[in-house]
1. Size of the chain along its principal axes in angstrom, Cα-based, largest extent first?
2. With charges set only on the Cβ (+1 for Lys and Arg, -1 for Asp and Glu), what does the dipole of the chain come to about its Cα centre, in debye to the nearest 20?
3. Suppose we flag GluC sites (Glu not before Pro) only when DSSP calls them loop and at most 10 other Cβ atoms lie within 10 Å. Which is the longest uninterrupted stretch of the chain?
4. As an exercise, identify the chymotrypsin sites (Phe, Trp or Tyr not before Pro) in segment 87-166 lying in DSSP coil whose Cβ has no more than 11 other Cβ atoms within 10 Å.
5. When the chain is modelled as a GNM with alpha-carbon springs shorter than 10 Å, which of Arg54, Arg161, Arg16 fluctuates the most?
6. With the dipole of the chain worked out from charges on the C-beta (+1 for Lys and Arg, -1 for Asp and Glu) around the Cα centre, which of Ala160, Ala178, Ala26 lies farthest toward the positive end?
7. Which residue, chosen from Val137, Val96, Leu85, occupies the Cα position most advanced towards the positive end of the dipole of the chain, where the dipole is computed from +1 (Lys, Arg) and -1 (Asp, Glu) charges on Cβ about the Cα centre?
Amino acid sequence: MSALRKSLAKVEVALRWDPSPAGTPANDLDIVAAVYAAADPYGEPVYLVHFGSRAPDGTITLARDSRTGQGFGFDEVMTLELDRLAPELGRVVVGVVIQEADAAAGAARKTFADVAGTGLRIREGYTDLATGDFTEVAGATSATVARFTRDEEGGWSLDARLLGFDADPQKYARIMGAARG
């Protein structure tokens, strides 16, 4: 008898944070996903998904976007239909980046330590696969929160270790899926 194996299929990554204090610039956190080819899982992403975009085949979408953190519960939600991704795609990296539309050149960037009430949830159906916040990467301006990898049989698994970066949104999109030692 062979063992039954369950692969991840449809996963939700959700993000929450508290609004900034009155009179201060809004806290704007964004979820971004980078999709990599199975033949080059640490190379350039095949495509990125973020606010205002979706996967070309509709398998990764950002259902909710918040620019302030105002609302109840999770303010941003990205859905990844891993079981529908093309076989030539073998890795998906999901991260969170702090946007600062009014940041002056040379000014210190806002870090996760500057954003109160952060929370992260990765779930499939009603099962939480990972939960937490950004205290582990408090000094970072962006962070990788999930790496989904396809195995030889086509099944998907999750590595939910947080990795912090000191990078603006453009730089982070280029380095978020790179191999780290």
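1. 63, 33, 30
2. Using only the charged Cβ atoms, the result is roughly 160 debye.
3. 1-87
4. Tyr126
5. Of Arg54, Arg161, Arg16, the Gaussian network model singles out Arg161 as fluctuating most.
6. The listed residue farthest towards the positive side: Ala160.
7. Leu85
Every number in this text was worked out from the coordinates using simple rules, so none of it is lab data. As the structure is a computational prediction, the values presented were derived from the model and not from experiment. Note that we place each Cβ from the backbone using ideal geometry, even for glycine, and neighbour counts take in every protein chain shown.
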